[in-house]
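What follows draws every value from the coordinates through simple rules; no lab data is involved. Predicted model, so just to flag it, every value in this text is computed and none were measured. We place every Cβ from the backbone using ideal geometry, glycine too, and count neighbours over all the protein chains shown.
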Amino acid sequence: MSNWAIKCANLVGETGLYRLLCPGCLPVFMIHRIKEVDQPREGVTAIQLRCYLQYLAKQGFKVLSMDELWQHLSEGRKIPSKAVMFTIDDGFFHYQNVAARIFDEFGFPLNFFVITGMLDQKIWPWDHQVTYAFEHSAASHAEIHFPSGVVYSVNLDKRDAVTTMRAVRSALKTEPQGGIYGWMKAELYPKLEVDFPSDIPEEYRPMSWDDARSLRTRGHGVYPHTQSHRILSMLSLAEKREEIRGSLKRVVDELAYIPQVFAYPTGRLGDYDGRDIEELKQTGFSMAFNTVAAYVMQGQDHYQLPRFSLPEDSEDFLQIINRFEALKQTLRR
Ligand SMILES: [Zn+2]
């Protein structure tokens, strides 16, 4: 659709027509990162995020908490047509500091899925370690031996660096994950001629458990997102257990409550499997989120609830919020 047609469709969306045509579908957004205005990375800026929340407040949208979503799903109650929910993954200090404060301004809840090893100040996520390595590499070419033995030849020309980094990060998700952290130090960083940082770099600084407790007292949710962010489908049963049960235990110990919601690392359909879902059920979780771009609806598998990435383009945001996207998905079906 042209920009003009999308703008028109969004104006119609504001009347509530699409919500009327597509009732009972809830957009749950996943915020990747809050970036500075001049950063060339993915993510929304703090200014954009505030604009989105201003729009929701002005239009009278209800921003649901996780408990409210569970009440609707477990009791089979109709999901309100003017509702929305927000999540943010991993547990970086910057998110806690910037995103949560913006949500606080509006009194809206934000749901954090945290890598517990990060809050324990032990690790920073392997996928972000890949980003850091590529951003700091001065090499022009590298032959990278992946954990499976496959050799990946990469051109580090600056013009293609972001595309190359994303391709490597994506390819690594289907590689054996057991020793991924050791592999970074032993293979990726030396090949890209980058010194592995002795301390966690400031931009990847984790929030603390005190920060997490503060979030909960301010009405936000904090839930586990594994211990180390390794891709669950690429782990052994024992490793899956350790990631799921271990992260649950850390949240219980530190926050003194039993969380019942989980989010799969990176969350694409192949990034978790039926054994992970079974493990979540046995461990007492009631809901889990992936990252498939779709609306949450009544009758869905509670262990595979989808989420939209929070769009950087406000017209895309409006399409999802006002359910024009739901109408398009219905027509496609
Ligand atoms: Zn994550």
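Structural remarks
- The chain - percent relative contact order, Cα under 8 Å, separation 6 or more: 24
- Sites Glu68 and Ala139 - FRET efficiency at Förster radius 51 Å, r taken between beta-carbons, to 0.05: 0.55
- Residues Thr87, Thr163, sorted so that the one with the fewest Cβ neighbours within 10 Å comes first: Thr163, Thr87
- Debye-formula intensities of segment 126-191, expressed as log10 I(q)/I(0) at q = 0.20, 0.24 Å⁻¹, are -0.73, -1.09 (one equal scatterer per alpha-carbon, no solvent).
- The convex hull drawn around the Cα atoms of the chain, when projected onto a plane and averaged over every direction, covers 17.4 nm².
- If the segment from Gln304 to Glu242 were pulled out straight at 0.36 nm per residue, it would be longer than the present Cα-Cα gap by 20.3 nm.
- Between Thr15 and Asp160, the FRET efficiency estimated from the beta carbon spacing at R0 = 45 angstrom works out to 0.50.
- For segment 164-171, 3J(HN,Hα) per residue [Karplus equation, 6.51 cos²θ - 1.76 cosθ + 1.60, θ = phi - 60°, Hz, x = Gly/Pro]: 4, 4, 5, 5, 5, 4, 5, 5
- Residues of type lysines that Lys158 reaches as a straight line, Cα spacing below 28 Å, ignoring anything fewer than 8 places off in the same chain: Lys35, Lys173, Lys185, Lys191
- Förster radius 41 Å - calculated FRET efficiency between Asn97 and Ser153, Cβ distance, rounded to 0.05: 0.55
- The label-point distance for Arg216 and Glu312, in a model that sets each label 7 Å from Cα toward Cβ, rounds to 3.5 nm.
- Those residues of segment 129-159 whose amide nitrogen sits under 13 Å from the label point placed on Ala186, 7 Å along Cα→Cβ: 145-149
- The chain - share of DSSP beta bridges that are antiparallel (%, nearest 5): 25
- As a proxy for reagent exposure, ranking Arg50, Arg333 by other Cβ atoms within 10 Å from fewest up yields Arg333, Arg50.
- Estimated inter-spin distance, Arg50 and Glu105, nm [label 7 Å along Cα→Cβ]: 0.3
- Extension gain from Ser170 to Ala256, taking 0.36 nm per residue of separation minus the Cα-Cα distance: 27.4 nm
- For segment 50-199: rounded, prolate or oblate by the Cα gyration tensor [a/c cutoff 1.5]: prolate
- The angle separating the long axis of helix 237-255 from the principal Cα axis of greatest extent in the chain is about 60 degrees.
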